[in-house]
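Student: Here it is, the structure, as structure tokens.
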Amino acid sequence: MLLYVASVFAQDAEYDDDDYNISVDSLSNDIISVVDIDAKHVYALGEFGLTSYCDPTFGITLAYMETWGGYVTAHTNFNFDKPLEYHIDKNGFDKNGKQAFLSGNSEVSRLSLVGGATYKILPKLCVYAGGGYSWRRLMFETVDGELLVVDDNSTEGWTFDFGAIANFDKLLVKLGLNTTKFKLADFRVGLGYRF
């Protein structure tokens, strides 16, 4: 499968001034292929992750792997509950020393979006590295049913992602590590299939 991104069509042209007289032959119907994408190098992987806090995450990776390629990955635990803009520590106190009235229930929200480059170091092995944005939010529930972010065990911001992908014909196995601000580690394993 070839994807032609750009074409160049030129007509006869002539440039004249006092010092130059330049003639360019016709280039009509010449086509320049800028990107050549072969579907056999496109892969999709389903993944499982486990953070350093033992939170499970699930994700998907789409990758194009030639000598050089690229990938995008999304991971989540499917909890998108929105907390209040009010933060506490693990003992239930805010920065002013005021204690929140907690119900004893807690939950975690996890999301990671990354992308980067792949490089084939062996015929059946690629390494990858990239970056993006992630969060891990530990939230305590109040007696009123509101969610408060616990700063001691929450991390949000830039993410670094790296690992390796082994290719066994149509099957792929991925092992990797994702870290958010070097405060949270997410160990990942994936299985994939070539289109």
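Student: Would you mind stating whether Asp89 is at pLDDT 90 or above and touching a helix residue (DSSP H, G or I) at 6+ places or on another chain (Cβ under 7 Å)?
Tutor: yes
Student: Specify the residue that is least open to solvent (accessible area, probe 1.4 Å); the eligible residues are those in region 160-172 that are more than 17 Å from the chain's Cα centre (by Cα) and hydrophobic (A, V, I, L, M, F, W, C).
Tutor: Only one residue fits best here, namely Leu172.
Student: For region 146-156, state whether one or more residues are under 22 Å from Ala44 (Cβ atoms), hydrophobic (A, V, I, L, M, F, W, C) and either touching a Leu at 6+ places or on another chain (Cβ under 9 Å) or surrounded by 15 or more Cβ atoms within 10 Å (Cβ to Cβ) (or both).
Tutor: So far as region 146-156 goes, no, none of its residues is under 22 Å from Ala44 (Cβ atoms), hydrophobic (A, V, I, L, M, F, W, C) and either touching a Leu at 6+ places or on another chain (Cβ under 9 Å) or surrounded by 15 or more Cβ atoms within 10 Å (Cβ to Cβ) (or both).
Student: What is the one condition in (1) open to solvent by 50 Å² or more (accessible area, probe 1.4 Å); (2) part of a strand (DSSP E or B); (3) without any contact (Cβ under 8 Å) to a residue 40 or more places away in the chain; (4) over 17 Å from Thr142 (Cβ atoms) that Phe48 does not satisfy?
Tutor: With respect to (1) open to solvent by 50 Å² or more (accessible area, probe 1.4 Å); (2) part of a strand (DSSP E or B); (3) without any contact (Cβ under 8 Å) to a residue 40 or more places away in the chain; (4) over 17 Å from Thr142 (Cβ atoms), Phe48 is out only on (3).
Student: Answer yes if at least one residue in region 110-122 is in contact with a Pro (Cβ under 9 Å, 6 or more places away or on another chain) and among the hydrophobic types (A, V, I, L, M, F, W, C), and no otherwise.
Tutor: No: zero hits.
Student: A further question follows. Given the residues Gly97, Gly115, which is the only one that is open to solvent by less than 40 Å² (accessible area, probe 1.4 Å) and free of Cβ contacts under 8 Å to residues at least 60 places away in the same chain?
Tutor: One residue alone meets the criteria, Gly115.
Student: Being among the aromatic types (Phe, Trp, Tyr) and loosely packed, with under 15 Cβ neighbours inside 10 Å is the filter here; which residues of region 65-94 pass it?
Tutor: Trp68, Phe78, Phe80, Tyr86, Phe93
Student: Between a residue in region 159-182 that is within 18 Å of Ser134 (Cβ to Cβ) and without any contact (Cβ under 8 Å) to a residue 24 or more places away in the chain and any residue that is of a type in the set (A, V, I, L, M, F, W, C) and in a strand (DSSP E or B), which pairs come within a Cβ distance under 7 Å, given they are 6 or more apart or on different chains?
Tutor: Short answer, once both residue conditions are applied: Leu177/Phe162; Leu177/Ala185; Leu177/Phe187; Thr179/Phe160; Thr179/Ala185.
Student: Which one of these does Glu107 not meet: (1) touching a helix residue (DSSP H, G or I) at 6+ places or on another chain (Cβ under 7 Å); (2) acidic (Asp, Glu); (3) not in a loop (DSSP other than H, G, I, E, B)?
Tutor: Every condition holds for Glu107 apart from (1).
The values are calculated or read from the model by the stated rules, or taken from the named source; none is laboratory data. For clarity, every value in this text was computed on a predicted model and none was experimentally measured. For neighbour counting, all protein chains shown are included, and Cβ atoms are generated from backbone atoms with ideal geometry for every residue, glycine included. Heavy atoms of the whole protein, side chains included, go into the accessibility calculation; ligands, DNA and RNA do not. Shrake-Rupley method; radii C 1.70, N 1.55, O 1.52, S 1.80 Å.
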